[in-house]
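Worksheet for the structure shown next.
Where a number appears in this text, it was derived from the coordinates with a stated rule and is not lab data. All values derive from a computational prediction rather than experimental measurement. Glycine gets a Cβ as well: all are built from the backbone with ideal geometry, and neighbour counts include every protein chain shown.
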Amino acid sequence: MTSEITGRTAAELSDLLRAGEVSAVEVTRAHLDRIGAVDGKLHAFLHVAAEGALAAARTVDQARADGAELGALAGVPIAVKDVLATKGVPTTCGSKILEGWVPPYDATLVERLRRAGMPILGKTNMDEFAMGSSTEYSAFGPTYNPWDLNRIPGGSGGGSAAAVAACEAPLGIGTDTGGSIRQPGAVTGTVGAKPTYGGTSRYGLVAFSSSLDTPGPVSRTVLDAALLHQVIAGHDPRDSTSIPQPVPPVVAAARQGASGDLHGVKIGLVQEFSGEGAEPGITAAFRDGVERLVKLGAEIVEVSCPHFEYALPAYYLIAPSECSSNLARFDGVRYGLRTGDDGARALEEVMSLTREAGFGPEVKRRIMLGTYALSAGYYDAYYGQAQKVRTLITRDFQRAFEQVEVLISATTPFVAFRLGARTADPYQMYLADLFTIPSNLYGGPAISVPCGLSEGLPVGLQVMAPTMADDRMYRVAAALESTTSPLSPPDLAESWV
Amino acid sequence: MPAISREEVAHLARLARLAVTESELDTFAGQLDVILQSVARIGDVTAEDIPPTSHAVPLTNVFREDEPLPGLEQGAALAAAPDAEAGRFRVPRILEEEE
Amino acid sequence: MSTMALPSFDDVVVRYEPVIGLEVHVELGTRTKMFCGCRTDFGAEPNTQVCPVCLGLPGSLPVANRAAIEATIRIGLALHCDIASWCRFARKNYFYPDMPKNFQISQYDEPLCTDGYLDVDVDGQTVRVGIERVHLEEDTGKTLHVGGATGRIHGATESLVDYNRAGIPLVEIVTKPIPGTGALAPVVARAYVTELREVVRSLGVSDVRMEQGSLRCDVNTSLQPVGSSEWGTRSETKNVNSLRSVERAVRSEMLRQAAVLDSGGRVVQETRHFHEDTGDTTSGRSKETATDYRYFPEPDLVPIAPDPAWVAELKAVLPEPPRQRRHRLRTEWGVSDHDMQSILNAGAVGLIETTVAAGASPEAARKWWLGELSRRANESGIELGSLPVTPQHVAELQRLIDAGRLTDKLARTVLEGVLAGGGSPSEVMATRGLEVVSDTGALESAVAEAIAANPDVAEKVRSGKVAAAGVLVGAVMKATRGQADARAVRELIISKLS
Ligand SMILES: [Mg+2]
Ligand SMILES: [Zn+2]
């Protein structure tokens, strides 16, 4: 029974639930059982909220029995990245400094999931405060890639991606600041979508880099991502940067794309991202994906975005700068960890000891890097210059979108690497986000969709669209998806007992 | 020559309220130097007359009306406090004067 | 603290030219905080006016309060400032436990209002104080220092933080340096803060109570030798919390710095703290070791671009500037500077204005409010405006006197009744039967009775001893229960006896 349910996509479960062939409680319990069976090996979850999930499921079943009109995903359970505040459910951001913190409020996104009747299975693992590309920087231990337990599931949202890839959940929520939804999607063979910045609310999303953070869907199919996008997106008055416009028709676009027709669609290949930088296997799989898009009738043109090569440095100045300020609040005064308060030490010392003990090395590095970039003498040369480059990158996108409807590239330069392979040299880790960062700096939507295998490991293709044209990326991604049979990892339950 | 010295890193740690250890200082100094050397390329871009982008979305004048909303009860406000006393958050003695 | 002997103030201003500057923080009287919907009531139980946003809980986000933006623009307009067509909030980063996020949302190089001025009157002459900037920021929480002797931070063993005040909108008004005021510097500083308070109060955007901290003042002072062209190093004196203290703080800094310079020392740029008790300042954090605030544009808030039409609208409905209003009324009422000052001090400007509008003469209105009513207010220790008597009542009372229906003595009795809640003067008169007896018949007979009852006195008066008539007047007043006009009675008696 379990695999019959947990193997299903959200869209399929939605139909079964509506047809009354399964109950929300059955679906939720099946996924909880699956978590019980495999998460010991994956460590995708930091906290499993069985009671809450089942209670939510019961409410949905009752409502359906009462003949209430329910949303498309009512009764479909979901895994939420531990960076979103969940009322009454621990929220740690993968950090010791927040261990045991139970928020007194819900993030807007979480509120919308609850309102949509989606049982929250639990909170998923992540690099501490979403800083990382492998989930190895979680203070609570890494998450393992269901395709190969010796490899990383990407990051920072490795937990949600691994959970969805291993069918612990049909859907997940991630947050994408430099690629944290898309890169895990690529290396776990799942779909990861970063909506337009401001298209999904940041209220209740523990900030890493406020001007870049964007929550979005994690799923196994493009349609599922669109269905979830529809639920979580839309204007939120509690987020000043939330866009007061209707949600683009993402579900319709995904369905249209699935028909496999891309005639008259102009797609741009980012010159600067084709060729060097990526592993040969990645490039090969990507080229294959491009050919399939051509077969569907798409017109491919090469587009130059000359400033994309400065995206990585710009990002590693802007993001740490904002993070150094955003993470200042973790000082052991109002919530979270406090160490060294022996009655003799002064506050300043206790604060420093608390932050020293509570933050991991990558977070400390970025806090210091950002503190440096914002310092009086360096502001103009670093943070200021990075913001100007951000403008130039935005102009590159705008110029490109005058010629084409979407841009494509490989999602990440390399397949899932072995644990520990890139922790020694932080900059090697940063390179994982080489192709995903430009969309964050610009604010436009981007999605990673599986497009093949390399060394038996998943490779993702990234589709980038103009701001508030999220529907375009769903259409193209769904079209590409229609040309392959879905990738699924070996079933952990059988092969690693 | 390194982009950042060990002393600078120590200063940053103080500014950021991080009681880093001596050995951490050595490690971070090296790593931050590598990172800064590589991001320094940003300076190659000629951008004098380019306006900086601080916000991805070009919105202005996003306001709320001056109407009270329910907040947290004192108990809920203090619930996560490492230490509280008389309805307030308790902290050790403070060395520096207030701003 | 230096134990240097201080020179005399008169001596100091002969040799040194002071340059002062003032930084005033005004807490706005909005219903809710700057970036969240929490209430701002003063004196609530600790941490009961807080929410995820003003507690800086992880994930929370700010949304700007329109009323606070509007109030700031109105203050800027009242101070003749330019209103920015586009500006941003910025984060001021430093660690302090009364700041929930360990950064303050403020404004840095893009203030909402810039380059204005405020004219203030200092004994007869007008001083124009330049305004550098007016910007909007969020207030901090309140820290209680426990275990120390004075509740001050020094010697405290622990501190307790209440975030009710955290996030209340705070408007910072910074003057340009004010040179050339010489010996008047302390008085100018005080006059500026007084006038600024009047302006803000007239806009109705804050109760500007220094004792409650809704108006806080920092004073910058520097000295330069007379004749020298470049300014001296300035000190910044914090927590100057009364008008009197503003004056004292400038004075004591001038004396202290003069002593330092006289002894060949140099003044260090530093923050100093004013002490109400001793009236002098002690050294705080020196700017050389000051933290680097690492300002950068607040990414969680979008830029403010006030619609010019909106600004024009706000400008059009600004109230009459307090100083202009004072000058107008002073001429209209024909009072001296000195009298106007006592009217101001009594807080009676508005009351007298309304009383006059209700028909009383300026003189009469002033007489009542500064005389009898001020006395009553002082007795019961309340504001003049809080007395249970309206300007309309006062005007009516005066009308009745002018009509001869009340004597001054009777009027005071009637006022008594009004203050006791007996209603309007005429109502009090009716219920208590208080009115001058003008019925001549009744008066004639009362006089006749008095003469008949005192033949010997009457005889004295007839023989020219007019002074003796007093006895008869007294008798008549007694008979009419004091409600007759004594003057009229006397005349009647004398005419009868001659
Ligand atoms: Mg200020
Ligand atoms: Zn609040």
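Just tell me how shielded A:339-351 is by partners: mean number of partner chain Cβ atoms within 10 Å of each residue's Cβ, no decimals.
For peptide A:339-351, the averaged partner shielding equals 5.
Among A:451-460, A:211-220, how do they line up by average Cβ neighbours within 10 Å per residue, starting with the highest?
A:211-220, A:451-460
Can you give the helix-only mean residue ellipticity at 222 nm for chain C, where every DSSP H stretch with n ≥ 4 adds -39500 (n - 2.57) and the sum goes over all residues, rounded to the nearest 500 deg cm²/dmol?
That calculation yields -11500 deg cm²/dmol at 222 nm.
Per-residue ellipticity at 222 nm for chain B, helices alone: DSSP H runs ≥ 4 residues times -39500 (n - 2.57), over residue total, nearest 500 deg cm²/dmol?
Here the helix-only value at 222 nm equals -10000 deg cm²/dmol.
Okay, which of the range C:162-203 sit inside 12 Å, backbone N to the point 7 Å along the Cα-Cβ direction of C:K142?
What the label zone holds, given the 12 Å backbone N cut-off, is C:162-166.
Straight-line reach from A:K266: which lysines fall under 25 Å, measuring Cα to Cα and dropping same-chain residues less than 8 apart?
A:K266 reaches A:K194, A:K295.
Treating the Cα atoms of chain B as identical point scatterers in vacuum, please give the log10 of the normalised Debye intensity I(q)/I(0) at q = 0.14 Å⁻¹, two decimals.
-0.99
Applying a 10 Å radius around every beta-carbon, put B:88-95, A:161-168 in order of their mean neighbour count, most first.
Highest-to-lowest ranking by the protection proxy: A:161-168, B:88-95.
Could you put C:I168, C:I105, A:I152 in order, starting from the residue whose Cβ has the fewest other Cβ atoms within 10 Å?
Least to most surrounded, the residues fall as C:I105, C:I168, A:I152.
Pairwise over distinct Cα atoms, reciprocal of the mean inverse distance: report the Kirkwood radius of the range A:38-139 in Å, one decimal place.
In the range A:38-139 this quantity evaluates to 14.3 Å.
I'd like the distance separating the alpha-carbon centroids of the range A:261-339 and the range C:319-382, in whole Å.
Each part reduced to its Cα centre gives a spacing of 72 Å.
Go through C:363-375, C:295-307 and give me the packing order, highest mean Cβ count within 10 Å leading.
Result, highest mean first: C:295-307, C:363-375.
How many angstrom lie between the Cα centre of the range A:200-214 and the Cα centre of the range A:85-111?
Answer, in whole Å: 14.
From largest to smallest, what semi-axes in whole angstrom does the range A:1-60 give when each is the square root of 5 times an eigenvalue of its alpha carbon gyration tensor?
One finds semi-axes of 21, 14, 8 Å for the range A:1-60.
For C:I494 and C:R31, what is the calculated FRET efficiency with R₀ set at 51 Å and r taken between the beta-carbons, to the nearest 0.05?
For C:I494 and C:R31, the calculated efficiency is 0.15.
Cα-based Rg of the range A:299-397 per 2.2 N^0.38 Å, rounded to two decimals?
Normalised Cα radius of gyration, the range A:299-397: 1.48.
To the nearest whole number, what is the average tally of beta carbon atoms from other chains within 10 Å of the beta carbons of peptide A:79-86?
Going residue by residue through A:79-86 and averaging, the value is 1.
How long are the three semi-axes of the equivalent ellipsoid for chain C, computed from the Cα gyration tensor as the root of 5 times each eigenvalue, in whole Å, largest first?
In descending order, the three semi-axes are 60, 28, 22 Å.
Taking the C-alpha atoms of the range A:370-497, how large are the radius of gyration and the largest Cα-Cα span, Dmax, in Å?
18.5, 59
Determine the shielding of peptide A:100-112 by partner chains: average, over its residues, the number of Cβ atoms on other chains within 10 angstrom of each Cβ.
Counting other chains' Cβ atoms within 10 Å and averaging over A:100-112 gives 3.
Only helical DSSP H runs with n ≥ 4 go in: add -39500 (n - 2.57) per run for chain A, normalise by residue count and round the 222 nm mean residue ellipticity to 500 deg cm²/dmol.
Estimated from H runs of four or more residues: -12000 deg cm²/dmol.
Tell me the relative contact order for the range C:327-462 as a rounded percent, counting alpha carbon contacts under 8 Å between residues six or more apart.
Once normalised by length, the contact order is 17 percent.
Could you grab the relative contact order for the range A:139-274? Cα pairs under 8 Å, six or more apart, rounded to a whole percent.
19 percent
So if I restrict to the alpha-carbon atoms in the protein assembly as shown, what is the Rg, and what is Dmax, the biggest pairwise distance, in Å?
Looking at the protein assembly as shown, its Cα Rg and Dmax stand at 38.1, 141 Å.
Below 8 Å between Cα atoms, with a sequence gap of 6+, how large is the relative contact order for chain A in percent?
So the answer I get is 18 percent.
Roughly speaking, what is the stretch gain from A:A424 to A:H263, that is 0.36 nm per residue apart minus the C-alpha to C-alpha distance, in nm to one decimal?
So the extension gain works out to 53.3 nm.
How big is the Kirkwood radius of chain A, worked out from every pair of different alpha carbons and given in Å to one decimal?
Its Kirkwood hydrodynamic radius stands at 22.3 Å.
If you take the beta carbon distance between C:K409 and C:T157 as r and set R0 to 60 Å, what does 1/(1 + (r/R0)^6) give as a FRET efficiency, to the nearest 0.05?
0.40
Cα-based count: Lys pairs in the range C:358-498 below 24 Å, eight or more positions apart or different chains?
7
Hey, how many Å between the Cα centroid of the range C:199-229 and the Cα centroid of the range C:417-473?
59 Å
At q = 0.12 Å⁻¹, what is the base-10 log of I(q)/I(0) for the range C:103-254 according to the Debye formula with one equal point scatterer per Cα and no solvent? Please give it to two decimals.
These q points yield log10 I(q)/I(0) values of -0.62.
What is the order of C:T72, C:T354, fewest Cβ neighbours within 10 Å to most?
The order, fewest Cβ neighbours first, is C:T354, C:T72.
Kindly state, to the nearest 0.05, the FRET efficiency for C:S85 paired with B:R41, given R0 = 51 Å and r defined as their beta-carbon distance.
0.90
What lysines sit close enough to C:K142 to cross-link, taking a C-alpha to C-alpha distance under 26 Å and skipping anything fewer than 8 places away on the same chain?
C:K33, C:K92, C:K101, C:K238, C:K287
Counting C-alpha atoms alone, how compact is the range C:14-114: give Rg to one decimal and Dmax as a whole number, in angstrom.
Just the Cα atoms of the range C:14-114 yield Rg and Dmax of 16.7, 59 Å.
Rounded to the nearest 5, what % of DSSP beta bridges with both residues in chain A are antiparallel?
If we restrict to bridges inside chain A, about 65 percent are antiparallel.
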